[in-house]
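Heads up: the structure comes next, in structure tokens.
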């Protein structure tokens, strides 16, 4: 027994990457699965863990959240599981994270009734697990290679649509949904030049007009008499900052009450009758 403990159990601590430790765990040390509220953030740092340990942590956490949602104990009505790199987490064949793949299959197939949805992203749809792929209600495709489009997982598409998806410009995606009769090609509402700069103070997010790189007073003058909805429409439809400035300037209606006109006085107090 002592030899078994020394050779087997003692080596678990070094190989688990921190997943197994001496002592006993407390409920407060684990990710909470009840009493959640809107805006709550819980960070689980697994960047330094081995791949197999990362798989256990991700799968166990997601499994507990799904079970809590099924029992009505989660605290929120809707929860979104965002999974990037689905080609690695839920591949069509093989993979190093079988546990993660299994729980993502459950979320994709059974999560809706519990209020949990899966948002996934991957490079190639044909390389993603069939259960995860086919249970997606909405698909958004960026520019895609001809070979990938010919894999058969995209269904029957007109030749013109396939050609358009293969040559989509930056900022455009092909959107399909069960309620759409055909695939729609849409443009992102926020162009790349409109991303703005994050503010380091105040904790506020950049608004739409922050991408114009103007002071608050200049923006107030520029958008004078222009409805906020029109400003948003102009910004979304402009391909550059200069174009947006020109369109807003054309739509601007200045408030003449705020405009002060200054001109040197020509009144001569010595000869008040000289009005020239």
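With each pseudo-label sitting 7 Å past Cα toward Cβ, what's the residue 216-residue 124 distance in nm, one decimal?
Placing both labels 7 Å beyond Cα along the Cβ direction yields 5.2 nm.
In nm, to one decimal, how far is the residue 131 label point from the residue 173 one, both placed 7 Å along Cα→Cβ?
2.5 nm
At a 10 angstrom cut-off on C-beta neighbours, averaged per residue, how do the peptides 178-184, 57-63, 130-136 rank from highest to lowest?
57-63, 130-136, 178-184
If I model a spin label at residue 240 and residue 49 as a point 7 Å from the Cα along the Cα→Cβ vector, what separation in nanometres do I get?
Each label point is offset 7 Å from its Cα along the Cβ direction, giving 4.9 nm.
FYI, it's all coordinate maths here, none of it is from the lab. On a predicted model such as this, the values are computed, not experimentally measured, just so you know. Note that each Cβ is placed from the backbone with ideal geometry, even for glycine, and that neighbours are counted across all protein chains shown.
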